[in-house]
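Down below is the structure, laid out as structure tokens.
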Amino acid sequence: QQPVQSPQAVILREGEDAVINCSSSKALYSVHWYRQKHGEAPVFLMILLKGGEQKGHEKISASFNEKKQQSSLYLTASQLSYSGTYFCGTEYGSSNTGKLIFGQGTTLQVKP
Amino acid sequence: GAVVSQHPSRVICKSGTSVKIECRSLDFQATTMFWYRQFPKQSLMLMATSNEGSKATYEQGVEKDKFLINHASLTLSTLTVTSAHPEDSSFYICSARDVRTRGGYTFGSGTRLTVV
């Protein structure tokens, strides 16, 4: 079952912050976040495992709330290069299967 | 980091012909690779799991006789679209993971298939 991402689209000015959410109705094993630019392959950002954790990568961080089966991606002080479509990919069950089910995507546009 | 190479990047074929797409892990071995399909402005849909030395596992609704997958070595998986039709036109992407790291799955650069 496909996870639900929100919002569907975001428009920001450089330097502004954004939060993208990914929710599942099924128990998650892991959540993977990717960014895809038009015509290109998705690029891995980070992975979060069940047990509830938070990770950071420069100005991009994410959290995983196991109780809510939800992950959030935080983009702070956004840069023009952050523009693209963000996907969360989820693994279900109790182990690492590698089979990622992706959300519908969130389009982020950062303007000067 | 892990690198996955995919070829060709673009292919145009006539309806009824077959097209082969290659996916290679360049600096690591991958016993498992994954094939996705992405239609314009849509999400990535998992098609099948490619297993080295054994049969691929297909997701529900994906025709295994139409999308032939071969994983003959630890670094190469191929997807052959047989008897292609215009509705098969899409962006096909493979992914794999270097299990030596704790990173995510690396995607190939994708193949844009257009069937005319």
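The values are calculated or read from the model by the stated rules, or taken from the named source; none is laboratory data. Treat the numbers as computed from the prediction; the structure is a model and nothing was measured. Here the Cβ is made from the backbone with ideal geometry for all residues, glycine too, and neighbour counts use every protein chain on show. The accessibility values were calculated without ligands, DNA or RNA, using every heavy atom of the protein model including side chains. Shrake-Rupley method; radii C 1.70, N 1.55, O 1.52, S 1.80 Å.
All but one of (1) within 27 Å of A:THR85 (Cβ to Cβ); (2) within 12 Å of chain A (Cβ to nearest Cβ) hold for B:ILE69; state the number of the condition that does not hold.
Every listed condition holds for B:ILE69 apart from (2).
So, of the residues in region B:92-112 that are more than 10 Å from chain A (Cβ to nearest Cβ) and not β-branched (Val, Ile, Thr), which turns out to be most open to solvent (accessible area, probe 1.4 Å)?
B:ARG100
Where residues in region A:11-56 are closer than 16 Å to B:LYS41 by Cα, crowded, with 18+ Cβ neighbours inside 10 Å and touching a residue at least 40 places away in the same chain (Cβ under 8 Å), which of them is nearest to the chain's Cα centre (by Cα)?
Once the filter is applied, the top-ranked residue is A:TYR34.
Among residues belonging to region B:24-44 that are within 12 Å of another protein chain (Cβ to nearest Cβ), aliphatic (A, V, I, L, M) and more than 11 Å from the chain's Cα centre (by Cα), point out the one that is nearest to B:GLY104 (Cα to Cα).
B:ALA30
List the number of the failed condition for A:SER63; all other conditions in (1) assigned to a strand (DSSP E or B); (2) in contact (Cβ under 8 Å) with a residue 24 or more places away in the chain; (3) more than 14 Å from chain B (Cβ to nearest Cβ); (4) open to solvent by 20 Å² or more (accessible area, probe 1.4 Å) hold.
Of (1) assigned to a strand (DSSP E or B); (2) in contact (Cβ under 8 Å) with a residue 24 or more places away in the chain; (3) more than 14 Å from chain B (Cβ to nearest Cβ); (4) open to solvent by 20 Å² or more (accessible area, probe 1.4 Å), only one is false for A:SER63: (2).
Without any contact (Cβ under 8 Å) to a residue 60 or more places away in the chain, farther than 21 Å from A:GLU16 by Cβ and either under 15 Å from the mean Cα position of the chain (by Cα) or surrounded by fewer than 18 Cβ atoms within 10 Å (Cβ to Cβ) (or both) - does that describe any residue in region A:77-88?
There is no residue in region A:77-88 that is without any contact (Cβ under 8 Å) to a residue 60 or more places away in the chain, farther than 21 Å from A:GLU16 by Cβ and either under 15 Å from the mean Cα position of the chain (by Cα) or surrounded by fewer than 18 Cβ atoms within 10 Å (Cβ to Cβ) (or both).
Has region B:8-18 got any residue that is within 14 Å of chain A (Cβ to nearest Cβ) and closer than 19 Å to A:HIS32 by Cβ?
no
Which one of A:LEU73, A:LEU48 is out of contact with any Ser or Thr (no Cβ under 7 Å at 6 or more places or on another chain), within 14 Å of another protein chain (Cβ to nearest Cβ) and part of a strand (DSSP E or B)?
Just one listed residue meets the conditions, A:LEU73.
Residue under question is A:THR97, and the condition is that it be within 14 Å of another protein chain (Cβ to nearest Cβ), open to solvent by 60 Å² or more (accessible area, probe 1.4 Å), under 28 Å from B:ALA56 (Cβ atoms) and not hydrophobic (A, V, I, L, M, F, W, C); does it hold?
yes
Enumerate the strands (runs of 3 or more DSSP E) found wholly within region B:1-91, keeping only those where 2 or more residues are open to solvent by 10 Å² or more (accessible area, probe 1.4 Å) and closer than 21 Å to B:VAL115 by Cα.
B:10-13, B:19-25, B:32-38, B:44-51, B:67-73, B:76-81
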